[in-house]
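The block underneath contains the structure these notes are about, expressed in structure tokens.
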Amino acid sequence: MAPDEPSASLKKSKLKHHPSDQSPHAHSPRIFQPFRALGYVTNELPFSLQARGKVYFLTTCIGNTFQIYDCVKLNLLFVGSRTEAPITAIAASGDYTFAACNKNVIVYERAKEVRRILGDGGEIFSLTVFSNYLIACRDDNSIAIWDFTTTEKVTEIKLDPGFRLAVLIHPSTYLNKILVGSTNGAMQIWNFRTKKLVYTFSPFSSPITTLAQSPVVDVIAVGLLDGSIIIHNIKADEQILSFKQEGTVTSISFRTDDQHIMASANMSGDITLWDLDKRKLHHLMKGAHDGMIPSIQFFNGQPILITSGTDNAIKEWIFDSADGVPRLLRSRSGHHLPSTSIQYYGQDGQWILSGAGDRSLRAFSVIRDSQSVELSQGSVANKSKHLNLKIEELKLPPITQCAASEAKQKEWDNILTCHLNDNGARTWSFQNKVIGKHVLKTGDGTPVKSVHISACGNFGFVGSLGGQIDLYNMQSGLHRKSFAGIDRHTKAVTGIGSDSLNRIMISSSLDGTVKLWDFHTSKVLYTINVDSPITLLRFRVESELLAIVSDDMCVRVIDIETRKIVREFWGHRNRITDISFSPDGRWIVSASLDATIRTWDLPSGHMIDVFEVESVTTSLTFSPTGDFLATTHVDNVGIFLWANRTQFANVTLRSVSDEEIRPVELPTTSGMDSDVEDDLFVIENGQMDGTSFETPDQLTHQMITMSKLPKTKWQNLLNLETIKARNKPKEPPKAPEKTPFFLPTLPGVDPKFVPVSKEINNEEKSKSDSRVLHLNDTRLETEFVKKMKVAYEAKDYEDFFDYMKTLNPANIDFELRSLSMEDDFVDLRMFLEAIQSRLKTKKDFELVQSYLNHLLKIHGDVVIANFGVLGDPIRAILTEHKKEWHRIEELLHYNLCLLDFFRKVG
């Protein structure tokens with residue numbers, strides 16, 4: 001098989017496998033740690049749509065995890081934690097998401113697992129939620145109903161063997177009733193409370209595939225395997241309407257605004273719109289998705305239809321035209337066939353360009369998924385309508401190799417791709433995210449096998465199957481010269497590179513040679529023969545090192561300056577699929593059909609890391625910032641990121657052997673799992689020690705630590721007088737109308753009459769009539785003073801400051817102003833000692849300063865007038881301040897001297 005031809009498994013893969021489908025392993029690589037997967041949106045399971053007020057939320061499944069989107073902009077909100085087996089059904093209600101996994105149901109609250117409902121029957125293939133009931137359809141022909149608030153089973157219904165369970169819905173307004181459809185075309189209504197069969201309908205002519213509630217009570221839409229759609233009144237058991245579409249009906253939905261439109265989907269990715277008033281076809285959305293559409297749903301009361309497909313896409317369609325034909329409003333999608341070629345774009349490491357077997361070129365954002373986009377191939381959608389063809393059939397052939405340069409991004413096309421069995425390379429504009437206007441054809445008419453763009457971005461190289469290399473101007477698309485002649489390659493050109501000054505051009509070929517060409521004269525300067533077909537070439541411009549891969553499963557490194565092979569890396573047991581240099585040029589990472597990813601150290605010539613994945617790596621690329629390694633794999637449509645552990649941990653780079661190969665699971669969309677073995681974690685019996693990790697209030701007692709409170713808690717206290725002046729009312733409040741003198745009222749802003757009680761004894765009456773105010777001997781104490789006294793006696797002020805943190809600035813101001821001046825200012829002395837104690841612990845530094853500042857603003861004159869009594873605590877606070885500042889000042893001067901030393905040395 002040629003090196004750039006995708007395997008049969010790549011062509012047939014239809015989202016069957018996902019990043020989390022791998023079985024868990026106990027190991028992780030030494031250098032690269034699984035981080036997260038990009039490009040997964042949905043799969044073949046129906047989504048769950050729920051309304052929260054005026055906002056809709058969509059839950060989709062992606063293998064062993066699920067994702068929740070906000071339908072306003074299709075932003076990703078939550079990613080569920082990984083399940084131990086693939087999810088077979090999902091449903092959502094309120095804050096809860098239900099995921100069926102084998103026989104059990106996992107209950108999530110805001111994407112965090114909270115409990116499990118253990119099943120005792122067959123595998124669950126469908127979930128339905130209404131009220132607080134969770135209904136599960138199981139493959140052992142039974143229905144289980146749970147109360148998900150208590151996880152108690154309400155009942156279980158076992159159906160007759162002649163009635164094979166297929167679909168289930170809860171008809172609107174039917175109390176405790178469920179409507180069940182079967183594969184033999186029959187329907188039944190059951191009361192799950194009494195476990196009694198209420199009614200059996202006459203069977204239809206074909207198996208039932210879907211049921212949908214219409215806006216009219218008692219009316220249900222029934223979708224059949226043969227493409228028939230029956231509008232049926234289940235109360236009267238009468239057929240109202242019938243339609244027939246192409247292909248099996250997979251989902252049905254009704255508009256609930258002022259238009260009587262029904263939408264139905266099929267296995268081929270088409271959506272049919274039916275006019276229920278005229279009882280005829282309204283519009284056919286041919287090729288709405290590139291694959292089966294498992295679910296469609298209209299928003300309640302809105303002309304918006306949301307759909308999902310096995311093409312790894314969700315789309316929103318809006319009906320805002322006069323003819324009622326929908327247009328695409330927004331979408332989120334990824335590849336629906338495995339990627340064949342990826343590479344990082346730019347120097348910031350934000351974008352990854354990916355070409356796949358689905359004939360698309362996509363730019364994935366590593367930072368924000370919502371920015372990921374497919375580069376447009378022109379008005380393909382309009383052509384598909386006129387020619388009555390699928391969009392995929394009009395796209396370019398699958399991309400086999402891609403080259404890009406950021407140098408001239410804003411001036412002209414800066415991406416170049418070659419396609420399977422195509423004799424023309426295509427230009428693309430990353431700035432505009434569209435295909436360019438130039439087609440760079442090979443001079444000998446044979447298919448393009450390799451492409452390259454010069455470092456300056458002005459020239460594009462096209463290598464052909466026949467061995468010729470043609471040079472084009474990227475701005476004009478004009479042919480400039482050919483690298484051919486007697487010394488040309490005799491077989492397909494598999495790789496092209498050039499230096500930063502456009503002095504030499506390097507090429508490799510299946511004829512087993514590497515040729516160095518003079519860029520200006522197009523003549524061969526030197527030929528290196530490796531006696532084995534070369535399948536890959538990677539040239540690092542900065543170090544002028546060339547890495548090549550040949551069929552003998554060896555990675556060779558050539559120094560262009562000396563024109564000699566300086567390193568040979570042997571170890572792979574099968575054909576090498578891709579290699580990549582690290583940004584600093586010290587490592588080469590290689591992937592092979594033996595399912596291993598190996599890291600080679602150029603200075604030492606040793607292999608410093610190796611790990612095995614269950615799915616063969618097809619392409620890999622190293623981030624220009626050195627933080628991630630990105631890989632793609634057979635039968636996986638996503639891009640997988642591996643974190644470079646040397647960026648944040650101490651890793652010993654020693655030589656390793658094949659005996660140390662460890663199997664590693666692929667990253668998941670939910671990011672790094674907590675049970676990954678790492679030096680930073682403590683794991684016992686396969687579980688982390690403790691359910692969660694909380695950041696301590698203070699990492700060490702030698703550090704000054706700020707509080708975790710928002711700035712308003714202490715900044716507003718410093719400016720409280722200004723805030724009060726700003727919020728002072730402009731005019732005094734108006735006095736309420738006087739009530740009659742003989743009606744007693746309660747004090748307050750709004751006058752209220754005192755309720756008259758007939759059962760008032762003489763003693764209470766005499767007390768209420770008395771005008772003498774009786775004062776208790778003891779002083780009233782607030783909660784603030786009580787807690788301060790308790791803390792003072794125990795010499796532990798932790799609870800006291802925790803209580804102070806709960807008070808707002810106005811309450812703190814009131815408490816400080818209310819401190820008693822009696823008993824030699826005991827309240828003031830206790831508060832000053834509390835401040836001193838907190839300063840010694842070095843906690844809540846800025847908070848304590850604001851408290852002290854406000855206290856001195858209020859009682860500064862009292863402190864000065866009575867310094868003989870209050871002087872000791874004030875001096876203790878000052879001493880603590882000077883001590884800490886002296887320590888910090890020494891550290892600052894030490895670091896400044898050290899930086900100055902390195903600056904002079906450098």
Residue identified as touching a residue at least 12 places away in the same chain (Cβ under 8 Å), within 28 Å of Thr307 (Cα to Cα) and within 37 Å of the chain's Cα centre (by Cα) among Thr173, Thr209, Thr151:
Thr209
May I ask you to list the residues in region 401-446 that are of a type in the set (A, V, I, L, M), surrounded by 17 or more Cβ atoms within 10 Å (Cβ to Cβ) and assigned to a loop (DSSP other than H, G, I, E, B)?
Leu420
Out of everything in region 136-186 that is charged (D, E, K, R) and part of a loop (DSSP other than H, G, I, E, B), what residue ends up being nearest to Glu113 (Cα to Cα)?
Asp139
Only one of these is surrounded by 15 or more Cβ atoms within 10 Å (Cβ to Cβ) and modelled with pLDDT under 85: Val651, Val656. Name it.
Val651
Is there a residue being crowded, with 21+ Cβ neighbours inside 10 Å, of a type in the set (Gly, Ala, Ser) and modelled with pLDDT of 90 or more anywhere in region 53-72?
no
Quick check: is even one residue across region 328-345 free of Cβ contacts under 8 Å to residues at least 60 places away in the same chain and of a type in the set (S, T, N, Q)?
no
Is there a residue being of a type in the set (A, V, I, L, M) and either closer than 23 Å to Val219 by Cβ or outside the structural domain of Cys61 (by TED's automatic domain parsing) (or both) anywhere in region 194-202?
yes
Under 6 Å between Cβ atoms, which residue pairs at least 6 apart in sequence (or on different chains) link something in region 225-237 that is within 18 Å of Met262 (Cα to Cα) with a partner that is among the small types (Gly, Ala, Ser) and surrounded by fewer than 17 Cβ atoms within 10 Å (Cβ to Cβ)?
Ile230/Ser242
Hey, among Val610, Val651, Val656, which residue is closer than 20 Å to Phe581 by Cα, touching a Gly at 6+ places or on another chain (Cβ under 9 Å), in contact (Cβ under 8 Å) with a residue 40 or more places away in the chain and aliphatic (A, V, I, L, M)?
Val610
Can you tell me how many residues in region 561-606 are surrounded by fewer than 20 Cβ atoms within 10 Å (Cβ to Cβ) and of a type in the set (A, V, I, L, M)?
4
Hey, Thr669 more than 20 Å from Ile352 (Cα to Cα) and either out of contact with any Ser or Thr (no Cβ under 7 Å at 6 or more places or on another chain) or buried (at least 21 other Cβ atoms within 10 Å of the Cβ) (or both) or not
no
So if I check each of Leu870, Leu855, Leu828, which one is part of a helix (DSSP H, G or I) and under 52 Å from the mean Cα position of the chain (by Cα)?
Leu855
Counting just the residues of region 580-619 that are among the polar types (S, T, N, Q) and in a loop (DSSP other than H, G, I, E, B), which one comes out farthest from Thr631 (Cα to Cα)?
Ser604
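Looking at this structure, is Asn300 under 19 Å from Ala221 (Cα atoms), of a type in the set (S, T, N, Q), touching a residue at least 12 places away in the same chain (Cβ under 8 Å) and outside the structural domain of Thr60 (by TED's automatic domain parsing)?
Against the criterion (under 19 Å from Ala221 (Cα atoms), of a type in the set (S, T, N, Q), touching a residue at least 12 places away in the same chain (Cβ under 8 Å) and outside the structural domain of Thr60 (by TED's automatic domain parsing)), Asn300 qualifies.
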Failed criterion for Ala99 (all others in (1) touching a residue at least 24 places away in the same chain (Cβ under 8 Å); (2) more than 24 Å from Leu77 (Cβ to Cβ) hold):
(2)
Looking at (1) β-branched (Val, Ile, Thr); (2) modelled with pLDDT of 90 or more; (3) touching a helix residue (DSSP H, G or I) at 6+ places or on another chain (Cβ under 9 Å), which is the only condition Ile415 fails?
(3)
Looking at region 121-135, which of its residues are outside any strand (DSSP E or B) and either hydrophobic (A, V, I, L, M, F, W, C) or closer than 15 Å to Ala92 by Cα (or both)?
Ser131, Asn132
State whether one or more residues within region 452-467 are under 28 Å from the mean Cα position of the chain (by Cα) and either surrounded by fewer than 19 Cβ atoms within 10 Å (Cβ to Cβ) or not in a loop (DSSP other than H, G, I, E, B) (or both).
no
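Counting only residues that are of a type outside the set (Ser, Thr, Tyr) and surrounded by 22 or more Cβ atoms within 10 Å (Cβ to Cβ), which one in region 298-312 is nearest to Leu74 (Cα to Cα)? Steps first, answer last, please.
Residues of region 298-312 that are of a type outside the set (Ser, Thr, Tyr), as a first pass: 298-306, 309, 311-312.
Now narrow it down to the ones that are surrounded by 22 or more Cβ atoms within 10 Å (Cβ to Cβ): 298, 305-306, 309, 311-312.
Values: Phe298: 15, Leu305: 13, Ile306: 11, Gly309: 15, Asp311: 17, Asn312: 14 Å.
Result: Ile306.
The values are calculated or read from the model by the stated rules, or taken from the named source; none is laboratory data. Note that the structure is a prediction, hence the values are computed from the model and not measured. Ideal geometry is used to build each Cβ from the backbone, glycine not excepted, and the neighbour counts take in all protein chains shown.
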